[in-house]
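Below is one structure, written out as structure tokens; comments come after it.
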Amino acid sequence: MSMDLIKSNEMLQNMSDAEREEIICYIQRVNSRLGTVELNVRTVRDNSQEDSLSQINALIDTMIKMGDPVIARQRCQLYLNACCSSSMDPHLDTLPDADMGPIDKKFESVLLGCTLDDQKNIKKRLQALMGYLNKQTVSN
């Protein structure tokens, strides 16, 4: 995207054809090199953190399979509240739409065993699920 912005920059229009062609060739070479780069991000976890993540995923999967969107939404809110509770890491953003009501203590204690990166991803996953469940409860 940045390379495309450079190509369409007004400054290129003010250059001679030879300069513009040289810059465009250079951009194409850089793009070719960038195309060969593969970036993999891996979260390093110890056994305890792996177990905690597995338990969290099992709890969320159980919530999703409840069948009743109203109850699932209530459970999701408890989980989200646990993600935003004061006992969680203060570096995590708080949810503007979280009502900070009751929390699921079991979920919270398992969540605290996860890596910070996993905690952030779990929160994002729950936010997306809450959006989906809100639509489900409105349409039902």
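The values are calculated or read from the model by the stated rules, or taken from the named source; none is laboratory data. In this text the structure is predicted, and so the values were computed from the model without any measurement. Neighbour counts are summed over all protein chains in view; Cβ atoms, including those assigned to glycine, are modelled from backbone coordinates with ideal geometry. Just the protein is used for accessible areas: all its heavy atoms, side chains included, with ligands, DNA and RNA removed. Shrake-Rupley method; radii C 1.70, N 1.55, O 1.52, S 1.80 Å.
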Number of the exception - residue 102 against (1) under 20 Å from residue 43 (Cα atoms); (2) at pLDDT 90 or above: (1)
Any hit, region 50-66, residues being of a type in the set (Val, Ile, Thr), within 17 Å of residue 132 (Cα to Cα), open to solvent by 80 Å² or more (accessible area, probe 1.4 Å) and in a helix (DSSP H, G or I): yes
Residue list for region 102-130, restricted to those being of a type in the set (Gly, Ala, Ser), within 13 Å of residue 56 (Cβ to Cβ) and either in a helix (DSSP H, G or I) or outside the structural domain of residue 79 (by the TED database) (or both): 109
Filtered residues of region 1-25 (kept if open to solvent by less than 100 Å² (accessible area, probe 1.4 Å) and in a helix (DSSP H, G or I)): 2, 3, 4, 6, 7, 12, 18, 19, 20, 23, 24, 25
Residue satisfying condition, being basic (Lys, Arg) and over 26 Å from the mean Cα position of the chain (by Cα), within set 7, 65: 7
Evaluation of residue 40 against (1) in a helix (DSSP H, G or I); (2) open to solvent by 80 Å² or more (accessible area, probe 1.4 Å); (3) not aliphatic (A, V, I, L, M) (one fails), failing number: (1)
Among residues of region 107-140, those that are open to solvent by 80 Å² or more (accessible area, probe 1.4 Å) and in contact with a Leu (Cβ under 8 Å, 6 or more places away or on another chain), counted: 2
